[in-house]
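The values are calculated or read from the model by the stated rules, or taken from the named source; none is laboratory data. Quick caveat: nothing in here was measured; it's all calculated off a predicted structure. Backbone-built Cβ (ideal geometry, glycine too); neighbour counts: all protein chains shown. With ligands, DNA and RNA removed, areas are computed over all heavy atoms of the protein, side chains included. Shrake-Rupley method; radii C 1.70, N 1.55, O 1.52, S 1.80 Å.
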Amino acid sequence: MPEPLGVRQARAQRTREAVVAAAAAVFVDQGVQAPIRDIAERAAVGVGTIYRHFPTRADLVTAVYRHQIDTCSALAPRLLAESASPYTALTRWADAFVEFLVTKHGLGAALGSGDPGLENLHALMLDTLVPACATLLDACTAADETHPDVSAYTLMRAIGNLCITGPDYDRTDARRMVAALLAGVRRTA
């Protein structure tokens, strides 16, 4: 007896989510050019299953980063509601943004690869994350906690530049420098 359509769709969605989670973990370890078989192994599915859900590597890379970008964006209003001050929310969000940036081995190369399937990823990041950051900055400005002349795009670019890691500059260095940057945009009484 065949499964009802709703059951098949729910199972397909769970499989897709497992593949995206596995790909995200593998990308952190190996970069976006990691072998598909490594992703399939981590997701406990066959390679064909991955290609059925994501026909190209660009489709898989985009799905992983779209999910992570959406998660980072959704964090902004939640932190604003939970935090003692807008500035605290901004610093906590910046920590999550730093984590997003420094764990994306190969994302920069993928964005610059010329692959037409990835050309919208940069725009997606800007269209989704800049408004999230702007919400936090606007709240900080309204509370007189940051300088009003700091734009979300400029702040995010500065954070992004501070997150370019290398042999003598790692995640800890990036976090420390971003904290110094945020201290510099804070208004003091």
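Out of all the residues in the range 162-189, which are part of a helix (DSSP H, G or I) and surrounded by 13 or more Cβ atoms within 10 Å (Cβ to Cβ)?
Selection gives L162, R171, D173, A174, R175, M177, V178, A179, L181, L182, V185.
Would you mind stating whether L121 is of a type in the set (A, V, I, L, M), under 15 Å from R57 (Cβ atoms), open to solvent by 50 Å² or more (accessible area, probe 1.4 Å) and at pLDDT below 95?
Criteria not met by L121.
Search the range 69-94 for residues that are at pLDDT below 95 and pair each with any residue that is not hydrophobic (A, V, I, L, M, F, W, C) when their beta-carbon atoms are under 7 Å apart and the residues are at least 6 apart or on different chains.
Listed pairs, sorted by first residue: I69/T128; D70/T128.
Kindly list the number of the only condition in (1) surrounded by 15 or more Cβ atoms within 10 Å (Cβ to Cβ); (2) part of a loop (DSSP other than H, G, I, E, B); (3) at pLDDT below 85 that fails for A110.
Result: A110 passes all but (2).
For the range 30-54, which positions are in a loop (DSSP other than H, G, I, E, B) and over 25 Å from L126 (Cα atoms)?
Scanning the range 30-54 gives A34, P35, A44, V45, G46.
Of the residues A43, A22, which is under 19 Å from the mean Cα position of the chain (by Cα) and free of Cβ contacts under 8 Å to residues at least 40 places away in the same chain?
A22
Regarding V45, is this residue β-branched (V, I, T), open to solvent by less than 50 Å² (accessible area, probe 1.4 Å) and either closer than 21 Å to F100 by Cα or in contact with a Leu (Cβ under 8 Å, 6 or more places away or on another chain) (or both)?
no
In the range 69-87, what residues are among the β-branched types (V, I, T) and either open to solvent by 50 Å² or more (accessible area, probe 1.4 Å) or within 15 Å of I159 (Cα to Cα) (or both)?
Passing the criteria: only T71.
Taking into account only those residues within the range 135-161 that are in a helix (DSSP H, G or I) and open to solvent by 50 Å² or more (accessible area, probe 1.4 Å), which is farthest from L90 (Cα to Cα)?
Taking the candidates together, the pick is N161.
Go through (1) open to solvent by 40 Å² or more (accessible area, probe 1.4 Å); (2) farther than 30 Å from L137 by Cα; (3) modelled with pLDDT under 90; (4) part of a helix (DSSP H, G or I) one by one and return the number of the condition R16 breaks.
(3)
What number goes with the only condition from (1) crowded, with 17+ Cβ neighbours inside 10 Å; (2) out of contact with any Leu (no Cβ under 8 Å at 6 or more places or on another chain) that R8 does not pass?
(1)
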